[in-house]
1. Give the residues of the stretch 227-243 that are surrounded by fewer than 20 Cβ atoms within 10 Å (Cβ to Cβ) and outside any loop (DSSP other than H, G, I, E, B), sorted by residue number.
2. Can you work out which of the residues in the stretch 6-40 that are surrounded by fewer than 17 Cβ atoms within 10 Å (Cβ to Cβ) and hydroxyl-bearing (Ser, Thr, Tyr) is farthest from Ser177 (Cα to Cα)?
3. Can you tell me how many residues within the stretch 309-351 are part of a strand (DSSP E or B) and either of a type in the set (D, E, K, R) or within 16 Å of the chain's Cα centre (by Cα) (or both)?
4. Taking the stretch 214-235 on its own, how many of its residues are touching a residue at least 40 places away in the same chain (Cβ under 8 Å) and either within 14 Å of Ala259 (Cβ to Cβ) or of a type in the set (Asp, Glu) (or both)?
5. Just a yes or no: is a residue in the stretch 228-251 basic (Lys, Arg) and either over 21 Å from Val344 (Cα atoms) or modelled with pLDDT under 95 (or both)?
6. Is it true that Leu144 is farther than 19 Å from Asp226 by Cβ, surrounded by fewer than 16 Cβ atoms within 10 Å (Cβ to Cβ) and either touching a residue at least 60 places away in the same chain (Cβ under 8 Å) or not β-branched (Val, Ile, Thr) (or both)?
7. Taking the stretch 110-144, which residues are of a type outside the set (A, V, I, L, M) and in a helix (DSSP H, G or I)?
8. With respect to Tyr186, is the statement that it is aromatic (Phe, Trp, Tyr) and touching a helix residue (DSSP H, G or I) at 6+ places or on another chain (Cβ under 8 Å) true?
Amino acid sequence: MKSDRVAAAVQKAKEYVDALTVCSEENVPHLIVSDEHKFFTWDNEKRTPSAKPYLFDWSYYNGVVMEGLLDVYEADPENGARYLAYIKEYLDSMIESDGEGKKSLSRNQAGYVDHHGADCYKTAALLIRMSKGEDDYRQVASTLYRDLTDEAHRNSKGNIVPLEFTEEGLGGNYWHSWAGGTAPKYKVWLDGIYMLQPFLAHYAAGAGDAAQLARIQKRLDWVADDMLAPNGLYYHACNSREDVCPYHWSRAMGWYGMAMVDVMEVLPEEYMPARKMALKRFVDGILKYQDESGLWANLADRPVTATNRLETSGTAMFVYTILKGIRKGWLEESYREAAIKGFVGMAEQKLTGGALQDIYLKASANNTNNYEISEYYLPDEGKGSGPFIMAYSEMLYL
């Protein structure tokens with residue numbers, strides 16, 4: 001890849017990231033969080049707080065945008081102060097005090113509930129990464145960690161999450177959702193691995209919870225083995241090796257890839273050989289299906305069509321996973337060119353008109369093909385914009 005194309009792609013990405021976040025007159029964190037009728041422009045699902053569902057401003061698609069900005073800050077701290085301030089404004093707007101010094105997520109501002117499932121915990125990884133020790137962020141994170149791991153704690157619905165919604169037959173993994181105590185059709189989703197395990201791993205590492213880190217290794221081992229298809233790709237979801245949701249959705253696989261590299265940062269060295277092997281197997285599998293453009297199709301193993309488009313969120317996740325894996329020394333340098341090709345392809349082909357195009361809105365793991373709905377391809381959707389910012393941060397290290 002010629003250096004001038006790479007430099008142009010990185011500059012184009014920077015302008016996009018800044019316009020979407022720190023330079024935006026619309027996406028001002030404290031104004032959005034404080035108003036139940038305002039939303040970040042990348043929130044295309046528009047979960048309205050007035051109806052008080054789970055996850056409005058405390059959502060994983062807002063969380064990945066903010067984590068992407070934190071990645072950018074860490075890649076270039078000297079020029080990243082405004083990104084850090086933006087993240088703090090977002091988090092601080094959702095944290096409240098009970099008047100006695102105890103801090104928690106504001107239910108009315110954040111939308112966190114302890115009884116829905118994996119999606120409620122992704123943004124907790126941002127809290128623990130932003131924490132400088134015994135501060136407000138860690139105090140809130142400790143509550144969320146308790147909700148997931150304390151076998152003596154009952155949540156607001158009376159359930160003990162680690163006893164009732166994890167299963168040994170699933171490698172100790174959590175159900176993807178547990179609202180109402182009812183399992184989804186497929187209990188383990190690749191999406192949920194990213195929503196839960198990086199937060200749990202980073203918190204456990206800081207707290208010296210060796211038992212939890214061992215459980216995380218076991219969970220990842222199970223996914224690496226039981227959700228792998230003969231073609232080298234991974235199923236979106238499953239209940240066992242035989243009972244699978246048979247679609248190879250790029251974003252689902254992307255969530256899993258990002259989970260691996262984010263967890264590997266803090267795992268004990270004794271676990272790393274297995275993780276490196278699983279990461280290489282994952283990358284080798286997806287690279288077989290990379291399009292000549294550098295991007296991946298929404299359904300990675302199917303031909304590109306008007307409804308199965310080259311898709312941005314999955315591509316961004318793969319780029320981030322590969323580049324971070326190389327930077328950390330877990331993958332060989334030979335993988336770098338494919339990742340750079342993917343990033344430049346996104347910048348040149350999907351970053352048009354000041355917006356990031358063809359981000360797929362959502363797909364349910366219900367064994368039907370809901371992965372090729374043309375109206376679900378949207379611009380500037382948080383589940384794509386966030387990973388794109390993460391991929392951009394990895395390009396900054398180059």
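The values are calculated or read from the model by the stated rules, or taken from the named source; none is laboratory data. These numbers come from a predicted model, not from an experiment. Cβ placement follows ideal geometry from the backbone for every residue including glycine, while neighbour counts extend to all protein chains displayed.
1. Passing the criteria: only Leu228.
2. Top of the filtered list is Ser24.
3. Keep residues of the stretch 309-351 that are part of a strand (DSSP E or B), which gives 310-311, 351.
Filter again for either of a type in the set (D, E, K, R) or within 16 Å of the chain's Cα centre (by Cα) (or both), leaving 311.
Count: 1.
4. 10
5. Taking the stretch 228-251 first, the residues basic (Lys, Arg) are 241, 251.
Keeping just the survivors that are either over 21 Å from Val344 (Cα atoms) or modelled with pLDDT under 95 (or both) gives 241.
Scanning the stretch 228-251, I find at least one residue that is basic (Lys, Arg) and either over 21 Å from Val344 (Cα atoms) or modelled with pLDDT under 95 (or both), so the answer is yes.
6. no
7. Asp119, Cys120, Tyr121, Arg129, Asp136, Tyr137, Arg138, Gln139, Ser142, Thr143
8. For Tyr186, the condition - aromatic (Phe, Trp, Tyr) and touching a helix residue (DSSP H, G or I) at 6+ places or on another chain (Cβ under 8 Å) - is not met.
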